[in-house]
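The values are calculated or read from the model by the stated rules, or taken from the named source; none is laboratory data. Here the structure is a predicted model, which means the values were calculated and not measured. All Cβ positions, glycine included, derive from the backbone under ideal geometry; neighbour counts span all protein chains shown. Keep in mind that these areas ignore ligands, DNA and RNA; they rest on the heavy atoms of the full protein, side chains included. Shrake-Rupley method; radii C 1.70, N 1.55, O 1.52, S 1.80 Å.
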Amino acid sequence: MTAAPTPAWRRLHDEATVVDLHAHPALKATLFRRSLRHRLGPVSTRFSPFSLRTSFANLVDGGVDVLLSAVYVPEAPLLAHIPLLRLFRLLQPAAWREFIRPSYFQATVNAIAEMERQVAAHGRRRRPGARAVQVARTPAALEACLATRALAVVHCLEGAHGLHGAAAGKGTTPRATADVEAEVLANLAQLQARGVAYITLAHFYPNQVAAPCFPFPEELLPLARWRRVLAEHDLTRGLTPLGETVVARMLDLGILIDVTHCTPAARARVYELVDARGARERVLATHVGAQAINPSPYNLADWEIRWLADHGGVAGVIFMNYWLMPHETRLGLNFIARTLEHFVQVGGVEVAAFGSDLDGFTDPPDEIVDAAQLPRLTQRLVAERGPGGARRYDEAAIAGILGGNALRLLRQGWGRPA
């Protein structure tokens with residue numbers, strides 16, 4: 001019996017360079033000591049912090065070519081605002097010692113090292129003929145991975161608190177001292193040397209660089225002392241003076257600037273600083289939605305989408321219904337497609353990308369619960385129709401959304417001084 005021909009949409013997915021701008025296998029490897037080599041049983045369709053959605057096997061099955069592996073070190077106030085997390089000290093004492101107790105910067109370095117150890121372990125045990133997984137610490141190493149079809153793992157940092165050492169400490173109040181500035185800038189240079197391609201300036205709590213939006217989706221509110229968190233957040237705060245210095249140094253070092261999680265004020269200031277340098281291909285929003293669809297300050301306004309497009313940046317749609325639509329359901333592929341459509345309508349097709357945020361303690365749509373199901377996004381984009389029934393996207397546009405646009409930004413901005 002002859003095999004059924006490969007559908008055109010699947011062939012398109014397999015031939016495209018697929019880039020996920022933001023996912024968190026490192027979280028599961030560090031906090032829960034998960035091996036990333038294999039799948040961890042069936043993946044839950046519900047919110048499940050213990051699921052493993054971005055194992056190397058899932059990434060390979062999903063056709064991912066480049067994974068921007070986001071390192072996130074839990075911020076200290078999180079333990080106070082979600083008391084249940086304190087059990088982690090008892091359940092995972094070794095992980096607590098390595099990734100919670102040290103300074104944020106040391107924990108970040110430890111997490112990068114753990115991710116590299118997992119990649120190396122996969123290489124030692126890889127079956128003949130199986131696809132390789134390699135860490136790409138430089139643009140040249142990324143190109144080598146693409147040439148050999150190895151899955152490229154590129155480090156990135158979520159939250160500039162990961163730059164805090166002993167001088168900056170773990171508080172949420174910026175400390176304008178010479179010691180803090182020297183420490184943060186030295187640590188920034190160290191992360192650049194370790195291959196970090198971009199830094200998300202903010203995350204859950206204010207840090208020495210930038211202020212964030214309110215972080216918790218509604219499903220987490222029963223677990224959190226969220227009113228205390230809300231009281232500490234101020235959407236009018238932007239970059240700190242040190243944050244402006246950090247942005248300037250990132251431009252010098254060729255580290256891309258991710259404005260996800262930043263307040264609208266912080267994002268606007270980043271754009272101003274980049275414009276003042278006349279820089280392009282430096283800024284991205286890795287895992288966001290559109291304010292025109294869901295008016296959360298976390299999401300991008302239309303003028304920001306146009307700014308990114310005009311400056312060679314990209315906006316990556318997040319795979320989380322809560323941020324994409326003003327109401328939440330279990331099915332969300334429609335919301336992903338609608339947000340991508342808006343990005344394209346406002347900024348053109350070259351601005352659109354995706355950053356799944358899988359394994360980031362998020363609840364993805366039930367149609368794409370892990371990286372192995374990413375081809376469903378391609379299938380949906382091929383099926384999209386515009387006015388009059390014509391296809392909304394041609395194959396080149398879909399290939400750009402799947403990874404070509406993100407890859408262009410990496411090639412033109414990462415590692416290049418502005």
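Cβ-Cβ distance of E15 and R391, R₀ of 25 Å, FRET efficiency by 1/(1 + (r/R0)^6): the value works out to about 0.90. Under the simplified labelling scheme, the T177-A144 pair shows an inter-label distance of 4.2 nm, with each label point 7 Å from Cα along Cα→Cβ. Sort the stretch 195-268 into rounded, prolate or oblate with this rule: let a ≥ b ≥ c be the square roots of the eigenvalues of the Cα gyration tensor; rounded if a/c is under 1.5, and if a/c is not under 1.5, prolate when a/b is larger than b/c, oblate otherwise. Note, shape of the stretch 195-268 comes out prolate.
Just want to confirm a number: the relative contact order over the stretch 343-405, from Cα pairs under 8 angstrom separated by 6+ residues, in percent.
For the stretch 343-405, the relative contact order is 40 percent.
Per residue, the Cα convex hull of the stretch 262-349 amounts to 76 Å³.
Rank these residues by their accessible area, most exposed first, probe 1.4 Å: H203, H327.
So, going from the largest accessible area down, we get H327, H203.
If I model a spin label as a point 7 Å beyond the Cα along the Cα-Cβ vector, how far apart are those points for L331 and R126 in nm? With each label placed 7 Å out from Cα toward Cβ, I get 3.9 nm. In this view, the solvent-accessible surface of L185, computed with a 1.4 Å probe and all protein chains in place, comes to about 20 Å².
Using alpha carbons only, the radius of gyration of the stretch 90-246 set against its Kirkwood radius gives Rg/Rh = 1.04. For the stretch 158-298, the solvent-accessible area of protein heavy atoms averages 36 Å² per residue (probe radius 1.4 Å; ligands and nucleic acids excluded). Calculated from the structure at hand, Rg and Dmax of the Cα atoms in Å is found among [x] 28.5, 92; [y] 24.8, 75; [z] 20.1, 73 as [z].
What a 1.4 Å probe finds exposed on the chain is 54% carbon and sulfur by accessible area, rounded to a whole percent. Once you treat every alpha carbon in the stretch 1-81 as an equal point and sum by Debye, what is log10 I(q)/I(0) at q = 0.15, 0.16, 0.24, 0.27 Å⁻¹? Per q value, in the given order, log10 I(q)/I(0) is -0.69, -0.76, -1.20, -1.31.
What does the C-alpha gyration tensor say about the overall shape of the stretch 280-409? Classify as rounded when a/c is under 1.5, otherwise prolate if a/b is larger than b/c, or oblate. Rounded shape, in that the Cα axes give a/c under 1.5. Note on the chain: with a GNM built from Cα contacts shorter than 10 Å, the maximum mean-square fluctuation among L12, L52, L191 falls on L12. Give the shape of the stretch 88-145 as rounded, prolate or oblate, defined through the alpha-carbon gyration tensor: a ≥ b ≥ c are the square roots of its eigenvalues, a/c under 1.5 means rounded, and otherwise the shape is prolate if a/b is larger than b/c and oblate if not. In terms of gyration-tensor shape, oblate. Once you divide the Cα radius of gyration of the stretch 342-418 by 2.2 N^0.38 Å, the number left is 1.27. Note on the stretch 13-168: Rg/Rh from Cα positions, Kirkwood definition for Rh, rounded to two decimals, is 0.98. When every Cα-Cα distance of the stretch 216-316 is counted in 10 angstrom steps from zero, the calculated P(r) takes the values 14, 44, 30, 11, 1 percent. Membrane-span-like helices in the chain, defined purely by DSSP H runs whose alpha carbon atoms cover 30 Å or more axially and whose average Kyte-Doolittle hydropathy reaches -1.0, are 104-125.
Rolling a 1.4 Å probe across all protein chains gives F88 an accessible area of roughly 30 Å².
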